[in-house]
Amino acid sequence: MRHGDKINNLGRKKAHREALLANLSISLIEHKRIVTTLAKAKALRVFFEPLVTKAKSNDTHNRRVVFSYLQNKEAVSELFSTIADKVAGRPGGYTRIIKLGIRPGDNAEQALIELVDFNEVYGKEAVAKAEPAKRTRRSGSAKKATAAEAPAEKTAEKAAE
């Protein structure tokens, strides 16, 4: 019985599973988005998000802890510099999983896992770029402004007389 066993073993032994998740994490750090199976993406999110949380406080201890998981100096330096700077204000939820359908060869469910702050389509910058300043040719607001100024001018003229 598997009461309380919440980890998805992905059909692998512990060492093989940890190596797989470390390699997927390194690829995610390098490319900012990867396509994999849905089960691996969900397991990767559980493995990767605590590493990003550790990367937000850049000190020697956290660098060594993250390096013990990833075993890749370039990935650790990228995580602590570029990624940690972008997610500094985010309290969690650093990754997004998007289902892509099934793979034709073996009918496996595919998913795209990406870093949330590195997507230009969904980010805040994309909203600002997508909506240019709206300009209208109507002068309704100008008429209202001149109508409001007109009585003020008349009262000023009467006061001057």
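Over 22 Å between Cα atoms, which of K32/K99; K6/K73; K13/K56; K6/K40; K14/K40; K6/K86 qualify?
Beyond 22 Å: K6/K73; K13/K56; K6/K86.
How long are the semi-axes of the equivalent ellipsoid of region 14-124, taking √(5λ) for every eigenvalue λ of the Cα gyration tensor, in whole Å from largest down?
Values for region 14-124, descending: 24, 18, 10 Å.
For region 14-124, give the magnitude of the charge dipole about the Cα centre (Cβ charges: +1 Lys/Arg, -1 Asp/Glu; no others), in debye to the nearest 20.
260
At 0.36 nm per residue, minus the direct Cα-Cα distance, what do R12 and H61 gain on full extension? Give it in nm, one decimal, please.
Here the segment from R12 to H61 would lengthen by 14.7 nm.
I'd like the Karplus ³J(HN,Hα) series for region 102-114: coefficients 6.51, -1.76, 1.60, θ = phi - 60°, whole numbers in Hz, and an x wherever there's a Gly or Pro.
9, 8, x, x, 10, 6, 7, 6, 8, 8, 9, 10, 9
State the extension gain, in nm to one decimal, for the chain segment bounded by R90 and V116, taking 0.36 nm per residue of separation less the distance between their alpha-carbons.
Answer, rounded to one decimal: 8.4 nm.
Which residues' amide hydrogens lie under 5 Å from the amide hydrogen of T95, considering only partners 5 or more residues apart or on another chain, with H built in the peptide plane?
Under 5 Å from the amide H of T95: V116.
Near the amide H of A108, under 5 Å away, which other amide H atoms are found, from residues 5 or more places off or on another chain, if H is placed in the peptide plane?
Correct list: R103.
Taken together, the values in this text are just the output of simple stated rules run on the coordinates, not laboratory data. A quick note: this is a predicted structure, and the numbers were derived from the prediction, not measured. When we count neighbours, we look across all protein chains shown, and the Cβ atoms used for this are built from the backbone with ideal geometry, even at glycine.
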